[in-house]
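See structure below.
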Amino acid sequence: MMTHAAYDCDVLVIGGGIVGLSTAYALTRTAPGTRVTVLEKEWGPARHQTGRNSGVIHSGIYYPPGSLKARYAVRGAAELVEFCREHGIAHAVTGKLIVATDSGELPRLHALVQRGRKHGLPVRELGPAQIAEHEPRVRGLAAIRVGTTGVCDFTAVAARFAAEVTASGGQVRYGAEVVAVDRRPWGVAVRTADGQVVRARVLVNCAGLYSDRVARLAGDDPGARIVPFRGEYYELARPELVRGLVYPVPDPAFPFLGVHLTRGVDGTVHIGPNAVPALAREGYGRTAVRPGELAGTLAWPGSWHLARRHWRYGAGELHRSLSKSAFTRAVQRLLPEVTEADLRPSPAGVRAQAVLRDGTLVDDFLIRDAPHTVHVLNAPSPAATASLPIGREVARRALLRARATGWTPPAVESGHCV
Ligand SMILES: Cc1cc2nc3c(=O)[nH]c(=O)nc-3n(C[C@H](O)[C@H](O)[C@H](O)COP(=O)(O)OP(=O)(O)OC[C@H]3O[C@@H](n4cnc5c(N)ncnc54)[C@H](O)[C@@H]3O)c2cc1C
């Protein structure tokens, strides 16, 4: 039996993105006195998905009622706005338009109206003249306006979570890549690339693009593989063409929302992201290849099923990725005035998308636990929006796993922080 002092911490979180840091933050809030350590391989927070995205606080309108995405996004959006307000983090609740440019999209747009109302969201239907009142340069047959969508600086949110964790006595260690996990009857021991060993009662895996790999290091079968999809952006040279947030009607076959126009908190307008297979999990450039990672993706049967099923969609995305004029033509459906010269390349992001063995794209958030471990295996968009409720749920599971070792969180035991 390990003594309390023999553990370096009670809960060890791998990953200093918004999900890992929100989990650590939730632990310090719901069970004060719990010793929490976050290990992040980069030299600061939010260097991957969290710091390379559209920065949109999603309303939750897209997600099926009852799904974790719907529950956590609707609640999470409101909580995140409150968190940003409380901590002075740049944000704005601007509302957004979802615009149909083709009559074939109208039934799907109407279905979104119904769904939004089921979620209790403020949704208004707009005709072409009303679209022009909100966005004079945008063209569409019909649109809906969702009032609770906004924008914020997710990097600043993640950094604030980290600051709150350390202020509560937790540790956030950067430059600490976990390379081995040893599960024992008493808990887990992890080893970092520089040879440090950290022992904990429970391991929480929030490793984003590497979450399946970390699960396997721990000896758990994730049942899915992360297939990385790069999302490329352009910055609009004439930001005055777009006032707020403008989205196309999404294709329900895919978890991606389609190329959108986003005015961020700093006033710049970004156009993107598309969705093309990445040849490395952190492959932000078109030519970035990691042969071992690519081989892993190709060895997963789900990748081939996915390619066979959706090759037409994939070919279109690839074409628009390689040809700026094809990308511009696609954007012109929403914003007819835009020209190739208006589009300046901007940094890309890579989505961690879990794919099952049969090629199914895992749509909902996926959290699994096993003895001494909790794994976040699929946390794509809108996980940044939903980070506060996701963090609380992961923290709840981690505390249950810790209690299974006979441990009681200090606050529960003594009623005060220790
Ligand atoms: C192009 C794009 C656009 C998006 N737009 C939006 C949006 O507008 N709104 C929204 O809500 N969501 C959006 N998302 C989704 C959102 O960014 C993600 O859901 C969210 O950032 C996931 O956070 P995370 O902490 O799980 O992952 P990450 O931010 O990727 O963090 C995982 C961390 O784990 C670390 N790590 C990995 N392996 C190890 C290891 N072995 N040891 C130590 N550390 C390790 C990594 O370095 C990384 O920092 C978008 C995503 C992309 C890619």
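Under the 0.36 nm per residue contour assumption, what length would be gained going from the current alpha-carbon distance of residue 360 and residue 118 to full extension?
Values: separation 242, 0.36 × 242 = 87.12 nm, distance 2.65 nm.
Working it through step by step, the gained length comes to 84.5 nm.
Computed about its Cα centre, the charge dipole of the chain is approximately 580 debye, with only Lys, Arg, Asp and Glu carrying charge at their Cβ. Bridges between two residues of the chain, per DSSP, are antiparallel at a rate of about 75%. Classify the range 8-47 from the C-alpha gyration tensor, please: rounded if a/c falls under 1.5, else prolate or oblate depending on whether a/b exceeds b/c. Because a/c hits 1.5 or more and a/b fails to exceed b/c, the range 8-47 counts as oblate. For the pair residue 139 and residue 266 in one chain, pulling the backbone fully straight at 0.36 nm per residue adds 43.2 nm over the alpha carbon distance.
Based solely on its DSSP helices, what 222 nm [θ] is calculated for the chain when runs of n ≥ 4 H residues each add -39,500 (n - 2.57) and the sum is averaged over all residues, nearest 500 deg cm²/dmol? It would help to have the intermediate numbers written out before the result.
Working: 11 runs with 136 residues, N = 418.
Calculated mean residue ellipticity at 222 nm is -10000 deg cm²/dmol.
Modelled this way, with points 7 Å down the Cα-to-C-beta line, the labels at residue 194 and residue 310 are 3.9 nm from one another.
Where a ≥ b ≥ c are the square roots of the eigenvalues of the C-alpha gyration tensor, would you call the range 151-305 rounded, which needs a/c under 1.5, or, failing that, prolate if a/b is larger than b/c, or oblate? Before the final figure, lay out the partial values.
On the way: a/c = 2.45, a/b = 1.44, b/c = 1.70.
The shape class here is oblate.
When only Cα pairs below 8 angstrom with a gap of at least 6 residues are kept, the range 120-168 shows a relative contact order of 35 percent.
Fewest Cβ neighbours within 10 Å first, please rank 106, 294 accordingly. The partial results should precede the final answer.
Working: 106 13, 294 17.
Placing the least packed residue first, the sequence is 106, 294.
For the chain, averaging the sequence separation of C-alpha pairs within contact (under 8 Å, six or more residues apart) and dividing by the residue count gives a relative contact order of 24 percent. Sorted ascending by nearby beta carbons within 10 Å, beginning with the fewest, 57, 18, 144 become 144, 57, 18.
Starting from 0.36 nm per residue, how many nanometres of slack lie between residue 2 and residue 43 once their C-alpha separation is accounted for?
Working: separation 41, 0.36 × 41 = 14.76 nm, distance 3.19 nm.
That works out to 11.6 nm of additional length.
With a Förster radius of 25 Å, plug the Cβ-Cβ distance of residue 102 and residue 346 into 1/(1 + (r/R0)^6) and report the FRET value to the nearest 0.05. Kindly include the intermediate steps, with their values, before the conclusion.
Values: r = 27 Å, r/R0 = 1.08.
So the FRET efficiency works out to roughly 0.40.
Just rank 25, 7, fewest to most, by other beta-carbon atoms within 10 angstrom.
7, 25
If a/c stays under 1.5 just call it rounded; otherwise compare a/b with b/c (prolate if a/b is bigger, oblate if not). Do that for the chain, with a ≥ b ≥ c from the square roots of the Cα gyration tensor eigenvalues. In terms of gyration-tensor shape, prolate. FRET efficiency for the residue 319 to residue 339 pair, using the beta carbon distance and R₀ = 22 Å, is estimated at 0.70. For the pair the range 227-260 and the range 116-161, the centres of their Cα atoms are 13 angstrom apart.
A short reminder: the numbers here are calculations on the coordinates, not readings from a lab. In this text the structure is predicted, and so the values were computed from the model without any measurement. When we count neighbours, we look across all protein chains shown, and the Cβ atoms used for this are built from the backbone with ideal geometry, even at glycine.
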